[in-house]
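The values are calculated or read from the model by the stated rules, or taken from the named source; none is laboratory data. The shown structure was predicted, so the numbers you read here are calculated from the model rather than taken from an experiment. Glycine gets a Cβ as well: all are built from the backbone with ideal geometry, and neighbour counts include every protein chain shown. Accessible surface is based on the protein model in full, side chains and every heavy atom, while ligands, DNA and RNA are left aside. Shrake-Rupley method; radii C 1.70, N 1.55, O 1.52, S 1.80 Å.
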Amino acid sequence: MRILWLKTELLHPVDKGGKIRTYQMLRAIARDHEVTYLTLDDGSGAPDARELAAEYCSRLVTVPFSPPRRKSPAFFLALAGNLFSRLPYSVQRYASPTMKRRIAEEVATSDYDVVVCDFLFPAASMPAGLAIPTVLFQHNVEAEIWRRHTEVAVGPRKAYFGLQWRRMRRFEREACARFDRVIAVSAEDAETFRREYGLADVSWVPTGVDVDYFSRSGTRQREPNHLVFTGSMDWMPNEDGIVWFVRQVLPRIRETV
């Protein structure tokens, strides 16, 4: 099978949950299928990211991409401009007319069997009316994340997050309806897609753990009263979760110990 796989970043360094999930799945898929990995490239990948792409695809296609650096003046200007957009900013940030043209060219000139849109964000650059099956590979229910942000936010952030949540819900519903199949990360997420967006063709693939990599070394002794968190701290749900843990749970652990 020939697969056109769409992404918004190079996978190396494989340092985040979403990258790890995609990397491990693609490595397995690429053993038996021909994968073209088409991605935005903002230059933040590892120096050897292009060479290492051979681990998970037979062909790499990159589209230059220059988003505003987070917390820079250009970033806040883009946030202000997004107030007048129909798209949530986290989607608008990745919308690329160049990528949209390149996807259309790839499908028109190559004999692909399926297009896989990995995460919701590349869907902003998906051309309409592709003549081959399309799959949306969802890592989250994005609108649900923004709903939770809205619930816990206070002040002006609550109004802004509420706006982003409503836009995300509309975009996610419309995007899911454009694809022939949606793949979720859990049975709960799959049911949310069916219930909230009226989708029929939804399946799910659970996230796993590389038990060969995450195995006991036998050389380190367990350290009492130590906790380790390995999540990525540039993602708001993880930040919120750690703040909640430190405020609500850690004091109870200390009190008990």
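Test VAL91 against the criterion of being within 30 Å of GLU188 (Cα to Cα) and in contact with a Lys or Arg (Cβ under 9 Å, 6 or more places away or on another chain), and give yes or no. Outline the logic, then answer.
Working: within 30 Å of GLU188 (Cα to Cα): yes; in contact with a Lys or Arg (Cβ under 9 Å, 6 or more places away or on another chain): yes.
Yes; evaluated as a whole, the condition is true for this residue.
Quick one: in the range 172-221, which of the residues that are β-branched (Val, Ile, Thr) and either over 16 Å from the mean Cα position of the chain (by Cα) or open to solvent by 70 Å² or more (accessible area, probe 1.4 Å) (or both) is farthest from VAL91 (Cα to Cα)?
Across the range 172-221, the extreme among qualifying residues is THR219.
When you scan the range 1-48, how many residues do you find that are among the acidic types (Asp, Glu) and under 16 Å from CYS117 (Cβ atoms)?
Number of matching residues: 1.
I need every pair where a residue in the range 204-215 that is under 11 Å from GLN24 (Cβ atoms) and charged (D, E, K, R) has its Cβ under 8 Å from the Cβ of a residue that is open to solvent by less than 100 Å² (accessible area, probe 1.4 Å) and assigned to a loop (DSSP other than H, G, I, E, B), sequence separation at least 6 or different chains.
The qualifying pairs do not exist here.
What residue, of LEU11, LEU38, LEU26, is touching a residue at least 24 places away in the same chain (Cβ under 8 Å), open to solvent by less than 30 Å² (accessible area, probe 1.4 Å) and assigned to a helix (DSSP H, G or I)?
So the residue among LEU11, LEU38, LEU26 that is touching a residue at least 24 places away in the same chain (Cβ under 8 Å), open to solvent by less than 30 Å² (accessible area, probe 1.4 Å) and assigned to a helix (DSSP H, G or I) is LEU26.
Considering only the range 128-163, how many residues are open to solvent by less than 60 Å² (accessible area, probe 1.4 Å) and charged (D, E, K, R)?
2
Residues that are loosely packed, with under 10 Cβ neighbours inside 10 Å and among the acidic types (Asp, Glu): does the range 248-255 have at least one?
Looking through the range 248-255, at least one residue is loosely packed, with under 10 Cβ neighbours inside 10 Å and among the acidic types (Asp, Glu).
How many residues are farther than 20 Å from LEU120 by Cα and touching a helix residue (DSSP H, G or I) at 6+ places or on another chain (Cβ under 8 Å) if we restrict to the range 31-53?
1
Check VAL63, VAL91, VAL14 and return the single one that is within 20 Å of GLN164 (Cα to Cα) and among the β-branched types (Val, Ile, Thr).
VAL91
For the range 62-81, enumerate the residues that are under 30 Å from LEU52 (Cα atoms) and open to solvent by less than 50 Å² (accessible area, probe 1.4 Å).
Matches in the range 62-81: THR62, VAL63, PHE65, PRO67, PRO68.
Inside the range 102-129, can you point out the residues that are of a type outside the set (Asp, Glu), in contact (Cβ under 8 Å) with a residue 12 or more places away in the chain and in a helix (DSSP H, G or I)?
Initially, the range 102-129 is screened for residues of a type outside the set (Asp, Glu), giving 102-104, 107-110, 112, 114-117, 119-129.
From the residues that got through so far, the ones that are in contact (Cβ under 8 Å) with a residue 12 or more places away in the chain too are 102-104, 107, 110, 112, 114-117, 119-128.
Listed by number, the residues that qualify are ARG102, ILE103, ALA104, VAL107, PHE121, PRO122, ALA123, ALA124, SER125.
When you scan the range 82-91, do you find a residue that is within 25 Å of ALA30 (Cα to Cα) and open to solvent by less than 40 Å² (accessible area, probe 1.4 Å), even just one?
No, the range 82-91 has no match at all.
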